[in-house]
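Presented below is the structure to which this report refers.
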Amino acid sequence: MPKKVKVGTVVSDKMDKTVVVSVAEHKAHKKYKKTMTFSKKYKVSDVNGTSKMGDTVSIVENRPISGSVRWVLDKVVEAAK
């Protein structure tokens, strides 16, 4: 089974070796069929500390690293300005 890949924005980099990434998904409402935006935050392992707050990053699903970290930083898609 292939690993899931998501793209999101770093919203916090205050932890050591871990960043919080917000991923927005567009889904249709079940009844009204209107496109709505849902966002979810993921804790991502960033061992090298390459990402900063505001960066757009790509994350990959991984085995559990700690109690709440299940994603690993793949690459920085776009650096913050």
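Does the stretch 61-69 contain at least one residue that is exposed (fewer than 13 other Cβ atoms within 10 Å of the Cβ), of a type in the set (Lys, Arg) and either more than 13 Å from the chain's Cα centre (by Cα) or at negative phi (or both)? The answer is yes, given that some residue of the stretch 61-69 is exposed (fewer than 13 other Cβ atoms within 10 Å of the Cβ), of a type in the set (Lys, Arg) and either more than 13 Å from the chain's Cα centre (by Cα) or at negative phi (or both). Based on this model, can you work out whether Lys43 counts as open to solvent by less than 100 Å² (accessible area, probe 1.4 Å), free of Cβ contacts under 8 Å to residues at least 60 places away in the same chain and not aliphatic (A, V, I, L, M)? It is true that Lys43 is open to solvent by less than 100 Å² (accessible area, probe 1.4 Å), free of Cβ contacts under 8 Å to residues at least 60 places away in the same chain and not aliphatic (A, V, I, L, M). Output the residue which, of all residues in the stretch 4-40 that are assigned to a strand (DSSP E or B), out of contact with any Phe, Trp or Tyr (no Cβ under 7 Å at 6 or more places or on another chain) and basic (Lys, Arg), is surrounded by the fewest Cβ atoms within 10 Å (Cβ to Cβ). This residue is Lys40.
The values are calculated or read from the model by the stated rules, or taken from the named source; none is laboratory data. From a predicted model like this one, the values you see are computed outputs, not experimental measurements. Because the Cβ atoms are built from the backbone with ideal geometry, glycine has one as well, and the counts that use them run over all protein chains shown. These accessible areas exclude ligands, DNA and RNA; they are computed on the full protein's heavy atoms, side chains included. Shrake-Rupley method; radii C 1.70, N 1.55, O 1.52, S 1.80 Å.
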